[in-house]
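Below you'll find the structure, written out as structure tokens, and then a few comments.
The values are calculated or read from the model by the stated rules, or taken from the named source; none is laboratory data. It should be emphasised that the depicted structure is a prediction, and the values quoted were computed from it without experimental measurement. Neighbour counts run over all protein chains shown; Cβ positions are idealised from the backbone, glycine included. What goes into the accessible areas is simple: the full protein's heavy atoms, side chains included, and nothing from ligands, DNA or RNA. Shrake-Rupley method; radii C 1.70, N 1.55, O 1.52, S 1.80 Å.
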Amino acid sequence: MKDAPLYLRPRVDPPLASLLGDAPFLHSLVDALGSPLNVLLPEVVAENAERFRSVYRRHHLAGRVYFAHKANRSSALVRRLAACDPAAVGIDVASLEELRHALSCGFTGDRVMATGPKDAEFLWLAARTGATVNVDSLAELDQLAETVRQYALPRTDVLVRLSGFESETGPGGAGTRVLSRRSRFGTPVAEADRLWTALERHADSLELVGLAYHLDTTGLEEKGRALERCVLLMDECRARGLAPRAVDIGGGFGVGYVEDAGEWERWTTALSEAVLGTRPPLTWRGHGYGLRNEAGTVRGSAALYPAHRPTAGPGYLDALLTGPAPVLGRTPATLLLEHLHDLYVEPGRALVDQCGLSLARVLEVRPLDGDPGRFLVRLGMNAGDVSLEEHGVLVDPVLLPRRGAPDDSADGGPVGVHLVGNLCLEADLITRRLVFLPRTPRPGDLLAFVNTAGYVMDFHAHHAQRQPSARTVAVTDEGGTRRWCPDENYWPLTHPQGASA
Ligand SMILES: *Cc1c(COP(=O)(O)O)cnc(C)c1O
């Protein structure tokens, strides 16, 4: 070994840990179904929804948790959520096909929220089935009202998505007014008046049920201020005879991928040192993840997901609700309660936290030319199959040896490897980071990428070079027996139909 291994070991909660502990089961799945393979635990998505609900209960709040479907294509996850309490759990769909999928998985239209960019067919089916439409712009509002009138559809519930919130910065909160980060979505708050006028004009076909935002930030402060602003705007709406009753604060509650804060600190510090050249590179060809060396000083900002997060998911929602609301002087939870407003949330990544993993077979282990002690490890998957790098998520895979207990001493202990994919392409690296494994892998071993259900396992999967894209299976526990079936065969029944182990 050249230097101490810089691990970024994953956070693994009990259901997923138990699955990972059953290496023979996972090997038999990949033997049968090929590499790569996605494995989902549908029960965990229901447990996560329940954790969000418990935050609602703690604050005596009403409203729904809408799963942002775009985070994962799976049917099993959507069907399992459809089986949850209809008053508590809904689904947020962002395309015509996601809407069709949600309906076919058991969601009735009244539990569906249609967000994102919308075409005419998507608007029609949403209005036809009684979904709530989260309207992005004034033009979309007019288009929806016209659709409802032209096709004699039922009066449709709408939320309007707002953006361009102002916030105060600087010491004492009395500094300059700045806008939240620019977004291509939503109607700027400054144009809200035109929205209210349009909603009055369309009162025969549309009913305003609430205001929405989804901010691309982890900042609690910015989100708290937006919530406060929505509450104030809803007072404005009421004064005009509109009756919105829900605040939809979007998604972005986040996931902690790396278990140990110290490992994350050490790795990010080492990245800066490597960029400065005071230690050997930590990445393929010295990639800096957005950092660069300018005359001996590190410049830029690392384009990385904060992989270790002490506060994420339901805990982040709790922190947001109990945080300060500087203008109105009460916590967001109190504000919502006092106004009798419902709270809607749209978690994607956080709702599928710990819901699955992606498996890849080790195909080849080759000593790295000119870098003794390092290896290139080629996997039966490519960067599209686990798009960790695309999302800036840095976390180690778990090595699952083919044969029994590994003999660590015989393999020389920890080793730094570069994980490369199955495409005939220089850029096809599973991650540009040098990954440390507890021992040198062997062909036939599996690498398990843990916690990939949110955006990582299927968002960027493709068929380049006709390489197979991953099959997805759902794993359930039936009275202490682990069972599996293809994702599309899973239904939330006690005796599932379809294949089993
Ligand atoms: C993507 C998205 C979400 C989900 O975001 P996460 O970060 O996965 O929680 C929710 N709402 C909207 C409008 C989105 O675009």
* Structure fact -> Filter region 228-265 for residues that are open to solvent by less than 30 Å² (accessible area, probe 1.4 Å) and on the phi > 0 side of the Ramachandran plot; the one that is farthest from the ligand (Cβ to nearest atom) is Gly254
* Just for region 392-410: of the residues that are part of a loop (DSSP other than H, G, I, E, B) and under 26 Å from Val255 (Cα atoms), which one is modelled with the lowest pLDDT? -> Gly392
* Asked: List the pairs whose first member sits in region 93-108 and is within 13 Å of Asp119 (Cα to Cα), whose second member is open to solvent by 40 Å² or more (accessible area, probe 1.4 Å), and whose Cβ atoms are under 6 Å apart, counting only residues at least 6 apart or on separate chains?
  -> Ala94/Lys70; Leu96/Glu121
* Asked: Can you tell me how many residues in region 1-59 are assigned to a helix (DSSP H, G or I), farther than 22 Å from Val393 by Cβ and open to solvent by less than 50 Å² (accessible area, probe 1.4 Å)?
  -> 13
* Asked: Taking region 60-80 as the region of interest, how many residues are assigned to a helix (DSSP H, G or I) and either within 16 Å of the chain's Cα centre (by Cα) or within 20 Å of Leu20 (Cβ to Cβ) (or both)?
  -> 6
* Asked: Here are some residues: Leu340, Leu335. Which one is in the same structural domain as Ala62 (by TED's automatic domain parsing), open to solvent by 10 Å² or more (accessible area, probe 1.4 Å) and farther than 22 Å from Pro24 by Cα?
  -> Leu340
* Can you spot a residue in region 411-430 that is within 21 Å of Asp353 (Cα to Cα), modelled with pLDDT under 95 and open to solvent by 30 Å² or more (accessible area, probe 1.4 Å)? -> no
* Asked: Taking region 342-370 only, how many residues are away from the ligand (no atom under 16 Å from the Cβ) and either without any contact (Cβ under 8 Å) to a residue 12 or more places away in the chain or under 26 Å from the mean Cα position of the chain (by Cα) (or both)?
  -> 9
* Structure fact -> Those residues of region 354-373 which are part of a strand (DSSP E or B) and of a type in the set (Gly, Ala, Ser) amount to Gly356, Ser358, Ala360
* To do: For Gly296, work out the one condition from (1) closer than 30 Å to Tyr344 by Cα; (2) open to solvent by 30 Å² or more (accessible area, probe 1.4 Å) it doesn't fulfil.
  => (1)
* If we scan region 210-222, do we find a residue that is away from the ligand (no atom under 14 Å from the Cβ), open to solvent by less than 50 Å² (accessible area, probe 1.4 Å) and assigned by TED's automatic domain parsing to the domain that holds Tyr66? -> no
* Asked: Based on what the data block shows, is Thr322 open to solvent by 40 Å² or more (accessible area, probe 1.4 Å), among the hydroxyl-bearing types (Ser, Thr, Tyr), modelled with pLDDT of 95 or more and within 16 Å of the ligand (Cβ to nearest atom)?
  -> no
* Structure fact -> Across (1) away from the ligand (no atom under 16 Å from the Cβ); (2) more than 30 Å from His341 (Cβ to Cβ), Arg73 clears everything bar (1)
* Considering each of Ala474, Ala470 in turn, give the residue that is open to solvent by 10 Å² or more (accessible area, probe 1.4 Å) and more than 16 Å from the ligand (Cβ to nearest atom). => Ala470
* Structure fact -> Across region 85-136, the tally of residues that are small (Gly, Ala, Ser), under 24 Å from Gln150 (Cβ atoms), more than 16 Å from the ligand (Cβ to nearest atom) and open to solvent by less than 50 Å² (accessible area, probe 1.4 Å) stands at 3
* Pairs, please: C-beta under 7 Å, at least 6 apart or cross-chain, first residue closer than 24 Å to Asp110 by Cα and touching a residue at least 40 places away in the same chain (Cβ under 8 Å) and in region 209-230, second among the small types (Gly, Ala, Ser) and open to solvent by less than 10 Å² (accessible area, probe 1.4 Å)? -> Val209/Ala246; Gly210/Ala246; Ala212/Gly250; Tyr213/Ala226; Tyr213/Gly250; His214/Gly250; His214/Gly251
* Asked: Would you call Phe67 away from the ligand (no atom under 13 Å from the Cβ), buried (at least 24 other Cβ atoms within 10 Å of the Cβ), in contact (Cβ under 8 Å) with a residue 24 or more places away in the chain and of a type in the set (Phe, Trp, Tyr)?
  -> no
* To do: Counting only residues that are in the same structural domain as Asp385 (by TED's automatic domain parsing) and under 14 Å from Leu379 (Cβ atoms), give me the strands (runs of 3 or more DSSP E) lying completely in region 431-501 with at least 3 of them.
  => 446-450
